[in-house]
Amino acid sequence: MQPKAVSVSKTTAVTPQIKWLMMGMLALAFVVMQAVAAYAKPESLAPLAEKISPSVVNITTSTTVEGRTGPRGVVPEGSPFEDFFREFQDRNNQGESAPAPRRSSALGSGFVISEDGYVVTNNHVIEGADEITIEFFSGEELTAKVIGTDPNTDIALLKVEAPGALPFVNFGDSNAARVGDWVIAMGNPLGQGFSVSAGIVSARNRALSGTYDDYIQTDAAINRGNSGGPLFNMDGAVIGVNTAILSPNGGSIGIGFSMASNVVTRVVDQLKEFGETRRGWLGVRIQDVTQDVADAMGLASATGALITDVPDGPAKDAGLKTGDVIMSFAGVEVEDTRGLVRQVGNSAVGAAVRVTVMREGKSQTLKVTLGRREDAESESTASEDPEEEAAPEAPATVSMLGLTVTPLTDDMREEFGADDATMGLAVTEVDEASEAFEKGLRKGDVITEAGQQSIMTVADLEDQVTIARDAGRKSLLLLVRRAGDPRFVAIGLDE
């Protein structure tokens, strides 16, 4: 039987479809909005906080401070009344013994990273402490001993002996943290006890003042006492150690810094194994390649690390020279000095690595066997005085490139802080309207190289200026030493 044909208008046939479609779209939009809202901000952080809180600890340190007899705290140091108050105190203290040493306490935070009692905190939290007490979330207190410290990253590793297994947290991948991700800071702010604050990752790869700095910036509230506490991601993994804040008043204004976990884990592993850090050491002094330096050297781009000095060490043994630009280290391209320092520091002591440099416009690859930075820093090597060379006849002082220069003399060496091995031209005056002054050159600087060639006379400098102009260069690269510290400066050539 054929179905009965029913004639309907187009309007009555389509309207239900449109309604269903609109209802479906609204439902989908509602679901998407809920998902976005849930992603942007969890409904509650309580379950996560309850899970990770037992691994966070309060740290109390006790230090013996010698008694003071001076007028500290009564008048400022250097005050004209300081001597008067000291004499007044001395008269009142006659026949009395010196004030007894007193105990000073400080507070900080930390977190447990293993069930057998290893605890991570900041070095500045426990530095100089005679006694360290760890208070757990349960209220239990245990005495901790120091396993090792690293002032360079402000990390310390402690150990407690507990009767049973301790709750602990794991490190996460700080490189996976994105600006805008939610984070939780936990610790003991202002001595108030266990506290949780939430915020987002505000920035990545911040540098403060350390050589190996790699900080995560966050607006989660961090105050005094939070130092050494963990910064968690939403999976409950530690991606940073809360270390510092930027504040005009000492309190949180939403700019806090946590040392990235990918730096901390390397330090902790070495402290656990050796009780100290063991970082690779290349043995060079370097500076960033700016655009004007790149132009002066004929480099294609302003990348790499420019070597300003090569003291005795692995780099010198391998043949690296002042003026080389390190373009890659162990197969990894070098963007700037900070990246190179961190990569070298993360390399194994004794490792043989290939270093590619640009030297006089050509690429060269050298193999360097890395030393240990800590050994290099602790050694005080006394270099023998080189044989004295006949000093060139000093010509009249000459002004060029905004500088007044003259050959360096022994008297100038003493005045300018240059050692006996330094040869070159002394800067006796700098035109304040010149590019040289703008780029930081000052009276007392010593120019030892121009165009990556050693110079000893004014004629040497003039020759390098001529060579640079003939080659079509717009600037001349100078190696300048100030009190022995070298740096390269590119100075524009006058038309």
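A short reminder: the numbers here are calculations on the coordinates, not readings from a lab. Computed from a predicted structure; not experimentally measured. Here the Cβ positions follow ideal geometry from the backbone for every residue, glycine too, while neighbour counts run over all protein chains shown.
Shown here: region 174-268, whose C-alpha atoms stretch 31, 30, 26 Å along the first, second and third principal axes, sorted largest to smallest.
Estimated from the Cβ-Cβ distance and a Förster radius of 25 angstrom, the FRET efficiency linking Val349 and Ala421 is about 0.30. Annotation for region 105-140 versus region 265-333: alpha-carbon center distance of 36 Å. Compared with the direct C-alpha span, the chain from Asn205 to Glu360 gains 52.5 nm at full extension, assuming 0.36 nm per residue.
With coordinates expressed along the principal axes, the C-alpha atoms belonging to region 398-492 extend over 38, 26, 22 Å, beginning with the largest. Relative to the current alpha-carbon distance between Ser399 and Ile253, full extension at 0.36 nm per residue lengthens the span by 47.4 nm.
Extension gain for Glu429-Glu115 works out to 106.5 nm (0.36 nm per residue, less the C-alpha to C-alpha distance). Between region 171-226 and region 469-495, the C-alpha centres lie 42 angstrom from each other.
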